[in-house]
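Worksheet: one structure, shown below.
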Amino acid sequence: DDEDPAVRGETITALGESGGPRAARALETFLETRLPSSDIVLEIAGALAQVGSPEAVHALIHLLEEGGLPPFIRLRAVRQLEGLVGESYDSRDAHGWRDWWEENHYRMRWDAQQERFISGESREEDR
């Protein structure tokens, strides 16, 4: 709960490196209970990706849906999304990303070796 940006950044990085469901829950809780700045959202999304949490994709899409996002932050978010899921959309098309994720998220699984989400077999319990 430290307000020092350096300490917060180190904490986010450490959680991402530690991995596991507890780290993912802590990062997800931070996103849900705070109003982090766009650069912090990018850091958290990166950490969530390290632990294989689909919340990383959701956080980036939500960030793209915000109005008035600086172009360099938008570009970083899009590049992170492209790296995480292997898809590309126009950087201005947040709705395209949202639609794609809503249609495909249940088929995606984290591949630790590739360090990205890949399409896997659909399982009924995932729906």
Could you list all residues from region 1-19 that are under 13 Å from S53 (Cβ atoms) and in a loop (DSSP other than H, G, I, E, B)?
G19
Residue under question is S88, and the condition is that it be open to solvent by 50 Å² or more (accessible area, probe 1.4 Å), among the polar types (S, T, N, Q) and either at pLDDT below 85 or part of a loop (DSSP other than H, G, I, E, B) (or both); does it hold?
yes
Every residue in region 48-59 that is among the hydrophobic types (A, V, I, L, M, F, W, C) and within 18 Å of Q114 (Cβ to Cβ), please.
L48, A49, V51, A56, V57
Flagged in region 103-115 as within 14 Å of the chain's Cα centre (by Cα) and open to solvent by 50 Å² or more (accessible area, probe 1.4 Å), in numbering order, are H105, R109, W110, E115
Determine the pairs where a residue that is without any contact (Cβ under 8 Å) to a residue 12 or more places away in the chain, located within region 99-113, has a partner that is of a type in the set (G, A, S) with Cβ atoms under 9 Å apart, the partner being 6 or more residues away or on another chain.
R109/G52; R109/S119; R109/G120; D111/G52; D111/G120
On the given criteria, is A6 of a type in the set (G, A, S) and either surrounded by fewer than 18 Cβ atoms within 10 Å (Cβ to Cβ) or free of Cβ contacts under 8 Å to residues at least 24 places away in the same chain (or both)?
yes
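Residue by residue, here is whether (1) surrounded by 14 or more Cβ atoms within 10 Å (Cβ to Cβ); (2) in a loop (DSSP other than H, G, I, E, B) holds:
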{"residue": "P21", "(1), (2)": "no, no"}
{"residue": "V57", "(1), (2)": "yes, no"}
{"residue": "H62", "(1), (2)": "yes, no"}
{"residue": "G67", "(1), (2)": "no, yes"}
{"residue": "V78", "(1), (2)": "yes, no"}
{"residue": "L84", "(1), (2)": "yes, no"}
{"residue": "W101", "(1), (2)": "yes, no"}
{"residue": "F117", "(1), (2)": "yes, no"}
When residues of region 26-37 are limited to those that are at pLDDT 80 or above and in contact with a helix residue (DSSP H, G or I) (Cβ under 7 Å, 6 or more places away or on another chain), the one surrounded by the most Cβ atoms within 10 Å (Cβ to Cβ):
L27
Only one of A77, A49, A23, A6 that is among the small types (G, A, S), at negative phi and at pLDDT 85 or above
A77
State whether the residues of region 38-45 include one that is open to solvent by less than 40 Å² (accessible area, probe 1.4 Å), within 25 Å of G120 (Cβ to Cβ) and under 14 Å from the mean Cα position of the chain (by Cα).
yes
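The values are calculated or read from the model by the stated rules, or taken from the named source; none is laboratory data. Just so we're clear, the structure is a prediction, and the values are computed from it rather than from any experiment. A quick note on method: Cβ atoms are made from the backbone with ideal geometry, for glycine too, and the neighbour counts reach across all protein chains shown. Note: accessible area is taken over every heavy atom of the protein model, side chains too, but ligands, DNA and RNA are not part of it. Shrake-Rupley method; radii C 1.70, N 1.55, O 1.52, S 1.80 Å.
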